1. Which of rounded, prolate or oblate describes the chain when judged by the alpha-carbon gyration tensor and an a/c cut-off of 1.5?
2. Can you compute the label reach from residue 406? Point 7 Å from Cα along the Cβ direction, backbone N cut-off under 18 Å, restricted to region 156-194.
3. Compute the accessible area per residue over the chain, keeping the other protein chains in place, probe 1.4 Å, unit Å².
4. Quick one: divide the alpha-carbon radius of gyration of region 308-415 by 2.2 N^0.38 Å and tell me what you get.
5. From largest accessible area down, sort 416, 516, 276, 462; use a 1.4 Å probe on the protein chains.
6. With a 10 Å radius around each residue's Cβ, average the other Cβ atoms per peptide and rank 447-457, 140-150, highest first.
7. Where the convex hull is taken over the Cα atoms of region 384-535, what is its projected area averaged over directions, in nm²?
8. What aspartates and glutamates sit close enough to residue 303 to cross-link, taking a C-alpha to C-alpha distance under 14 Å and skipping anything fewer than 8 places away on the same chain?
Amino acid sequence: MKTRGMADVRRMVRAQTRWTIMLVLAMAVGAGSASIAAAAPFAYEEMTVRQLQAGYADETYTAEEVVEAYLARIAQYEPSYNAFTFMNEDALEEARAYDLLRESGETPGALAGVPIVIKEAVDVAGFPTTFGWAPLSEELGGISLMPERDAPVVARLKAAGAIILGKTNIPAFSADGTRASSSWDGDTYNAVDRSLAPGASSSGTAMSVSGNFAMLGIAEETGGSIQNPAAAQALVGIKPTFGLVPNAGVVPLAGSTRDVIGTHARTVYDAALMLDVIAGYSVEDAKTLAAIGNMPRGGYTSKLNKSELYGKRVGLYGPGWREQELTAETQELYDRAIRELERQGATVVTDPFAGTGFAAFVEEAGSVGLESMIYDMEQYLKRLGPSAAIGSVEELIEMTGETPSLFERYEESLKDPGAYPDLTNFTAVRTKYLAYIGDVMDKHRLDALVFPQMFKETPQLDSEDRIGATTVSEINIAGVPLVTVPAGYYESGSPFALAFFGRMWSEAELLGMAYDYEQATKLRKAPVLVEVSGE
C-alpha cells in the first residue's frame, strides 16, 4: 500500500478544520472594566524543539493537540499583546496532516509539528502583505496585496514541516527599531512587561516567541530589528551574515545591501536548528551564492557544547568601538557577565578597538546602504506575481495615493525605480568596516566580540526614548553575524542581553560560545502574561 502524500492527507482533514480553529480563536476575553489577571499555567511553556520532538516520537502528544493548545493561549492573551496581524486558519488541519503522516511511517522534517510565526514583512502565499502600512490594510479600507508564492525561507520552513500559526506585527515599512506604534494594527506589547517597548521591527515575532505563543519565529533586520526585540524580550536572536539566508520575497529597506532574515527562539539550540533550515543558496537570491563553502559541514548546532568558551579570547565593549558610556546598572550587569565568561575559561580583552580610529570612522561614514531602497522595492513588487494588485513602485504610489515618507529621501531614484543604484560609497564603507574588524581580531587573536546589546535598559512604551543598541548600525553595514543571549535583568525587571559577534560566516562558532554561556547561566525567565480588559 502506498504512503499517502501530503496533498491527499490534507484533503482528508480539510472539511473538519475551519470550524475548529475558528472556535479556538473565538475564545478571546470579552471587554469589561479595566483589570489585569495573571496567566493560567500553559502545558508547553518554555518547551524546546527537542523536547517537543521527543514527545512526538514517544506519542506523548500529537501535533493537533499541541497546535490547539497554542491557539487557545493566543486567543486568551492576544487581545492584551497584539502580536499578530493574521492567523493561519489551516493550522489545525496542517497539524492533523502531520500526525497522519507520522502514523504512516513517513520521516518527519527537521521542524515537523513545530508551531512557528512569520514576520509580517515576509511573504506567505495566501496571506496579505501589508508592510505594516495602513494604505495596504484591507481591514482599514486599503488595498489587499496578496503574494502568489512563498518567500524562499517560508518554503523551506514548510518543507521542514513547521506549522505557521500566523504573521506578526511590525511598524510601517519596518522603519522603527523600538516599537510598532506606526503599524496599521497598533502597538505590540512586550511579553516581559507591557509597559516596556517591545523592540522592533520584529516586535510581534519577539512577543510571540518570548510569550510562548509559538516555539520559533522568523525575524528580519536592516538596523537592529532582530537583535533589538530579542534583547528587549529576553530571547536568543540570530542576525546572520549578509547573504547567508535568502531575503527574496521580503519587503525591503535595503535588500541589496543590509537586509537579513534571522531567527528568534528561547534557546540557542532552537535558534541554531531553525537557522539550519533557512540558510544557504537559493536560485531566487544571487547574494546567497556567497554562502556556498561558508556553511559548517555539521550544521549550526555542531559546536554547541558546554566548554566552547574555554580558551577563547573575546573582545569587550569600550570607547574604541563607540563613544557611548554604559549606564551604571548596565555596567554592573556587563561586569557580572564578564566574570561569567571568565569562569567558563574565556580570556577577555578590554576595548580592543582603542586607538584604531574605528569610532571616528563610524561617525564620519554615517548610515549607508539604504540607497538601494527604491530599486529593491521595485524588484520585490515584481516578484508578487501578475495577479497581485500592485506590481511596481509607480503603481504603489498611484494606487495608494501616497508616496511613503521613506521614499522622499531617494526622489531621484523614483524617476527610474528599475535602475540599479550606485553603491560605490556603500561598498567602500563596508570594506573599511570589515578591515577594521578583521585587523582588530587578528591583532588581539580574538575569537569573538561580546558586548552588552544595549547601553541602557529598554525604554517605556509610552516614552519617546529609543532603544540604545551598541551594535546598530555597525553590524548591519559590516554584514557580520551577531547572536543575542539573555544575560539577566535590571532591577526594574527589564531584560539585559549579551551580543556575541565576529567575522563573516562565523555563526557556528558564535552559537557555540553563546550556548556555553547560556547553559552556564540560564538567566532567561519565562514571562508571566496578563489579561488586560477595559482599555
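The values are calculated or read from the model by the stated rules, or taken from the named source; none is laboratory data. Here the structure is a predicted model, which is why all the values come from computation and not from measurement. All Cβ positions, even for glycine, are placed from backbone atoms using ideal geometry, and neighbour counts span all protein chains on display. Surface accessibility is based on the protein's heavy atoms, side chains included, excluding ligands, DNA and RNA. Shrake-Rupley method; radii C 1.70, N 1.55, O 1.52, S 1.80 Å.
1. Values: a/c = 1.42, a/b = 1.20, b/c = 1.19.
Judged from the Cα gyration tensor, the chain comes out rounded (a/c under 1.5).
2. Under 18 Å, as judged by backbone N against the label point of residue 406, lie 168-188 of region 156-194.
3. Working: 20070 Å² over 535 residues.
Per residue, the chain has 38 Å² of solvent-accessible surface.
4. Working: Rg = 23.1 Å, N = 108, 2.2 N^0.38 = 13.0 Å.
In units of the 2.2 N^0.38 Å rule of thumb, it is 1.77.
5. Details: 416 90, 516 0, 276 55, 462 140 Å².
Sorted by accessible area, descending: 462, 416, 276, 516.
6. Working: 447-457: 25.5, 140-150: 16.6.
Going from most to least packed, we get 447-457, 140-150.
7. Details: hull surface 61.5 nm².
About 15.4 nm², averaged over all directions.
8. 270, 276, 447, 507, 509, 516, 518
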